[in-house]
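Engineer: I'd like to ask some things about the structure below.
Throughout, read-outs are computed from the coordinates displayed, never taken from laboratory work. Computed from a predicted structure; not experimentally measured. Every residue, glycine among them, receives a Cβ derived from its backbone with ideal geometry; neighbour counts consider all protein chains shown.
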Amino acid sequence: VVATSKSMAAQSTKTVVAGWDWSEIDIEAGSNIVLSSVGTKYIKAKINGGNAGAATIINVMDAGTVYVPQAVGFSTTEDGDNMSIVWNFPNASNVIIPSSLTPSYGHIIAPNATITVEGGNYNGCLVGQNMTINAEGHLWPYKGGSLVKPTSSQFGVLKHVNGATPQSDENFEFVLEELKNGAWINLQTVSNNGEWVNF
């Protein structure tokens, strides 16, 4: 993920400079740009070109704490049908979606950052080190082609029984499913090992 994030930024062909808070900047759908947003917190990015179907990558190279602009200027359903906007933050340590800029549209890649969604709702997938989400989320898949490649992953969850680690005779089954073409498909079924459930 770290290598992909850096690679996307290296492929950018244009730099767009943000103006001031609450300003609206123009970005062509299907482009891969660097957005210079130093010192600005509330930005609106107008995605031009009809809809969000074209693979659009917006790289924000700032380090430290950065804010996700609000994507406007296109029409999409709440579940993000045909959406392929990617916000890429390869250097950030904190990425914040302010509640005043939601609904937020676009997938966020911030491999070294804690992502915070302050409120409202967001539409897209989030990839980061840690997350604090105080919002409704719609995690629809990326549909922009080969710029972001699918990969496999592992993750674990903790299972407690009445606030404590399960005893040796307290085994549970957990199912990981995918919603595809209107039906839930079982991807994996696992049992807990003590308090850990590993997919």
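Engineer: If you plug each phi of region 170-182 into the Karplus form 6.51 cos²θ - 1.76 cosθ + 1.60 with θ = phi - 60°, what whole-Hz ³J(HN,Hα) values come out, in order, with x for Gly and Pro?
Structural biologist: For region 170-182, the Karplus curve yields 9, 10, 10, 9, 10, 10, 9, 10, 10, 8, 9, 6, x Hz.
Engineer: Would you compute, from DSSP H runs of 4+ residues alone, the mean residue ellipticity of the chain at 222 nm, taking -39500 (n - 2.57) per run and dividing by the full residue count, rounded to the nearest 500?
Structural biologist: Calculated mean residue ellipticity at 222 nm is -1500 deg cm²/dmol.
Engineer: Treating only the Cβ of Lys, Arg, Asp and Glu as charged (+1, +1, -1, -1), what charge dipole size does the chain show about its Cα centre? Round to the nearest 20 debye. Walk me through the numbers on the way to the answer.
Structural biologist: Working: 9 positive and 16 negative charges, 139 e Å.
Charge dipole, the chain, about its Cα centre: 660 debye, nearest 20.
Engineer: Further question on the same structure: Quick one, what does Rg over Rh come out to for the chain if you take C-alpha atoms and the Kirkwood Rh?
Structural biologist: 1.03
Engineer: Right, here's the next one. Residue by residue through region 97-105, which ³J(HN,Hα) values in whole Hz follow from phi under the Karplus form 6.51 cos²θ - 1.76 cosθ + 1.60 (θ = phi - 60°), with glycine and proline marked x?
Structural biologist: Calculated HN-Hα couplings, in order: 9, x, 4, 6, 10, 9, x, 9, 10 Hz.
Engineer: Dipole of the chain (Lys/Arg Cβ +1, Asp/Glu Cβ -1, origin at the Cα centre): which of S99, Y42, A63 lies farthest to the positive side?
Structural biologist: Going by the charge dipole, the pick is A63.
Engineer: Something else about it: Tell me whether region 82-144 comes out rounded, prolate or oblate; compute the Cα gyration tensor, take square roots of the eigenvalues as a ≥ b ≥ c, and use a/c under 1.5 as the rounded threshold.
Structural biologist: Oblate.
Engineer: Please list, in chain and number order, the residues 5+ apart from V117 or on another chain whose amide H is under 5 Å from its amide H, with Hs placed from the backbone.
Structural biologist: Amide H neighbours of V117, under 5 Å, 5+ apart: I97, T132, I133, N134.
Engineer: Here is a further query. Of the candidates Q129, Q188, Q11, which one comes out as most mobile in a Gaussian network treatment of the chain with C-alpha springs shorter than 10 Å?
Structural biologist: Q188
Engineer: In a GNM of the chain with a 10 Å cut-off on Cα contacts, which of D26, D62, D169 has the highest mean-square fluctuation?
Structural biologist: Result for the chain, Cα springs under 10 Å: D169 fluctuates most.
Engineer: Highest GNM mean-square fluctuation, the chain, Cα pairs closer than 10 Å: which of S153, S36, S168?
Structural biologist: Greatest mean-square fluctuation among the candidates belongs to S168.
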